[in-house]
Structures are given as structure tokens and as C-alpha cells.
Amino acid sequence: MPISYQKQAEFTCPNCGANVTAAVWQILDAQEQPGVVDDLRRGLLNRVTCPHCGGDGPVRGPLLFHDAQARRVIFAGAPGTADHEVRDQARNLHALLVSAIPEEQRRPYLADVDIAQDVDGVALMLKRMDRRRGGSPPAPSAEAIISALPDLAIQALMQTQSGADLRVAVGAYPLLLRPEVDGLLAKQIDQALDAGHDRQASALESRREALSELRAAAASPRGT
Ligand SMILES: [Zn+2]
């Protein structure tokens, strides 16, 4: 059952006065709807185009944002709504959110709801969250792959004397076949040459070449 929730809302076009029905997000789950969360960050959430006049604008409703990875729940009430109605909106959407999460996955952070002034306030909190996490969107970088590669893998690589040795090392550390490792070795070769360690550089270079051949063989179909 999806956590995110869209409601069919009726509203009056401020431009031509027509009655328009549109689906608007009321519960937004960061892991389910990353694209919609991006819209939210850019202030483009729940923008509706009027089918009668073509005018477009934001539909202002309540929003409950949920991010299980960041352990964060943020609520914004619909602007211009009486306090007791905002409380009802919050209670109803929160109950809906919790019921969509399997019981064994519910965590105490779910009860800890941050309140934003409005949807723009939610976007602002998200941007602060992104900064703390070091930028958005989080994508696995070459650095992340390299840092997941233990020093032992490079040591094992440097101890190889033959193709058979190399296959054993790659069997133990499959990450060695990642193309990012080629860049890492190239950098280490440059550093060794800069430091005048020619023998180390050529040892690195021979492993780098052997690894490239193995990588190419792994990528091409068998028997060719
Ligand atoms: Zn209109």
C-alpha cells in the first residue's frame, strides 16, 4: 500500500472562476515520490492548469511530508484555515500515514511531527535537511565506491604475480572490477611518478593493465 496520498480537490479558478477538479498531493513520501519532492523543493508542488482558461497556479492545501531515511515528518496546514481545522487535517493525515506503514516498520520518529507555516516552509526545511546531508540528490559517487573498497583489496591486487592470482583477488574483492578503480589506480600511478617511485608506478601500471583486460573480458560475451 503506497504511503503517498493524492486527493481529488475541487476549487475555483482565480482567473476565470470555473470550477476545476484536480488531484493534489496531501501525503508525500520522499522514497516513493522523489520527483514530486523535487517539485516541492522548487516551489512547484500541486500546481494545476485550468482546463478552461489555461491559467495555472498552486492549489493551497494541507501537506504531510514523510522521509523514513531521514526519520522526518513535517506538516503544513492549508493557509487561511481556522486552527481547529488545521488540527483536524493534521490528525487525519497523520493517522492515514501511520496506517500505510506496516506495524513492524513504525518507529518513534513518526510521532515527532515538525510544523511548517505552509508548503513553502516545508520546502525550506527540506533544503536545510539536504545541506546537512551534504547536497541533493544523494547519488552514489565514484568516491563512495572507492571508499567502500577496503585497503586490503588494493594490497591483494598489488601482491598478484599472475593472471590466476588476479582472478583470486577479484573473486575476493569484486569491487576491483568497477571502472572507478581504474581512475583510482591512475591517480596512484601519477602520485608515485611525482614522488619519483618509478618501480611502484610500474608495478601499479602492470596491475592496472591486467585489471583492465579482466574487466573487458568480463564485459564481452563468452567465446569471442
Ligand atoms: Zn480558469
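Summary table
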{"quantity": "Failed criterion for Met1 (all others in (1) within 16 Å of the ligand (Cβ to nearest atom); (2) at pLDDT below 90 hold)", "calculated": "(1)"}
{"quantity": "Test: residue in the stretch 9-16 that is more than 26 Å from Arg128 (Cα to Cα) and more than 16 Å from the ligand (Cβ to nearest atom)", "calculated": "no"}
{"quantity": "Some residue of the stretch 99-121 being in contact with a Phe, Trp or Tyr (Cβ under 8 Å, 6 or more places away or on another chain), part of a helix (DSSP H, G or I) and touching a residue at least 12 places away in the same chain (Cβ under 8 Å)", "calculated": "yes"}
{"quantity": "Filtered residue count, the stretch 150-176, keeping only those that are under 29 Å from the mean Cα position of the chain (by Cα) and over 21 Å from Gln200 (Cα atoms)", "calculated": "3"}
{"quantity": "Residue that is surrounded by the most Cβ atoms within 10 Å (Cβ to Cβ) [pool: residues in the stretch 157-172 that are of a type outside the set (Ser, Thr, Tyr) and in contact (Cβ under 8 Å) with a residue 24 or more places away in the chain]", "calculated": "Leu157"}
{"quantity": "Within the stretch 39-57, considering residues that are surrounded by 13 or more Cβ atoms within 10 Å (Cβ to Cβ) and in contact (Cβ under 8 Å) with a residue 40 or more places away in the chain, the one farthest from the ligand (Cβ to nearest atom)", "calculated": "Arg41"}
{"quantity": "Residue that is more than 16 Å from the ligand (Cβ to nearest atom), free of Cβ contacts under 8 Å to residues at least 60 places away in the same chain and among the hydrophobic types (A, V, I, L, M, F, W, C), where the choices are Leu64, Leu96", "calculated": "Leu64"}
{"quantity": "Residue satisfying all of: in the stretch 58-88; on the phi < 0 side of the Ramachandran plot, among the basic types (Lys, Arg) and not in a strand (DSSP E or B); surrounded by the fewest Cβ atoms within 10 Å (Cβ to Cβ) among these", "calculated": "Arg87"}
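The values are calculated or read from the model by the stated rules, or taken from the named source; none is laboratory data. Just so you know, these numbers come straight off a predicted model, no measurement behind them. Every residue, glycine as well, gets a Cβ built from its backbone with ideal geometry; the counts of neighbours run over all protein chains shown.
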